[in-house]
Amino acid sequence: MAGFLSLLRRLYLSVYNWTIFLGWSQVLYLALKTLNESGHQHVYNAVQKPLLLAQTAAVLEILHGLVGLVRSPITSTLPQISSRLYVTWGILWSFPQIQTHLLVSSLVISWSVTEIIRYSFFGMKEAFGFTPSWFLWLRYSTFLLLYPTGITSEVGLIYFALPYMKFIVNAKVVLLHKRCSLNGMECCSPHLYGYMLRQRKKALSKSKRE
C-alpha cells in the first residue's frame, strides 16, 4: 500500500510540475515574441491569461507542504507565493494603468525563467528520480541574478501603482497600503534570499559528495 501511495504521489507531482512548466514556457515565449514584434507596452496583454493561471496554480504548493507531499517549509513557501499573488492580482490585474510599464517585461521574464527551471527540475526529479549535476547547479544558481531583478520589478510596480490607488481608497489607506506592501517586500526578500542561498549551499555540497 505504501508503495502504491508513493507511486501515486510521484505521478501527481510529475504531472503538476510539468503542467506548470508548460504554462510558464508559454508566458516566456509570448513575452519574448511580443517584445520583439510589438514592444514592452503590449507584453502584459499577451501573457495575461497564462500568467494568471500559472501563478495562481502555485497556491497548490501551500497545500502540498501542509499535507506532506513535499518537504518545502511553509515558512518559505507562503511568503513567496503570497507576494507573487499580490503582485499578479492586486497590482497588475487591478491597475491597467501600469500594465504597459517596462518593469512588467523584466518581471515576467525573471519569473518565467526562474519557474521554467524550477518546475522542470522538480518534474524531472519526480518522473525519473534524478537530475543531472549541471541542472542541479542551474536550479540553485540562476536565482542569484533572477531573484533581485524579479523583486526589484515587483517593488517598482507596486510603487508606480500607488498614485492610481487614490481613486478607489482614501489617502490614509493608501499610505497604509504603501507601507505594508513595500515593508512586506523588504522583510520577506532577505529572508527568502537567505533561505535560497542556504538551500543552494546544501544542494551543491550534497552533489559534490555524491
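Numbers at a glance
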{"quantity": "Residue identified as within 19 Å of L7 (Cα to Cα) and of a type outside the set (F, W, Y) among V59, V43, V67, V47", "calculated": "V67"}
{"quantity": "Qualifying residue in region 117-128 (condition: in a loop (DSSP other than H, G, I, E, B), surrounded by fewer than 19 Cβ atoms within 10 Å (Cβ to Cβ) and free of Cβ contacts under 8 Å to residues at least 40 places away in the same chain)", "calculated": "no"}
{"quantity": "Elements of type helices (runs of 4 or more DSSP H) contained in region 1-85, each with 3 or more residues being in contact with a Ser or Thr (Cβ under 9 Å, 6 or more places away or on another chain), buried (at least 18 other Cβ atoms within 10 Å of the Cβ) and at positive phi", "calculated": "none"}
{"quantity": "Condition check for L107: surrounded by 19 or more Cβ atoms within 10 Å (Cβ to Cβ) and either within 11 Å of the chain's Cα centre (by Cα) or in contact (Cβ under 8 Å) with a residue 40 or more places away in the chain (or both)", "calculated": "yes"}
{"quantity": "Conditions (1) exposed (fewer than 14 other Cβ atoms within 10 Å of the Cβ); (2) of a type in the set (S, T, Y); (3) at pLDDT 90 or above: number failed by T149", "calculated": "(1)"}
{"quantity": "Selection from region 133-164 of residues that are among the charged types (D, E, K, R) and closer than 17 Å to I81 by Cβ", "calculated": "E154"}
{"quantity": "Check on T100, modelled with pLDDT of 90 or more, part of a helix (DSSP H, G or I) and surrounded by fewer than 19 Cβ atoms within 10 Å (Cβ to Cβ)", "calculated": "no"}
{"quantity": "Looking only at region 6-62, and only at residues there that are without any contact (Cβ under 8 Å) to a residue 12 or more places away in the chain and among the charged types (D, E, K, R), the one that is farthest from F121 (Cα to Cα)", "calculated": "E37"}
{"quantity": "Number of the condition not met by T77 [criteria: (1) without any contact (Cβ under 8 Å) to a residue 24 or more places away in the chain; (2) farther than 20 Å from F21 by Cα]", "calculated": "(2)"}
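The values are calculated or read from the model by the stated rules, or taken from the named source; none is laboratory data. Treat the numbers as computed from the prediction; the structure is a model and nothing was measured. Cβ sites come from the backbone with ideal geometry, for glycine too, and all protein chains shown count toward neighbours.
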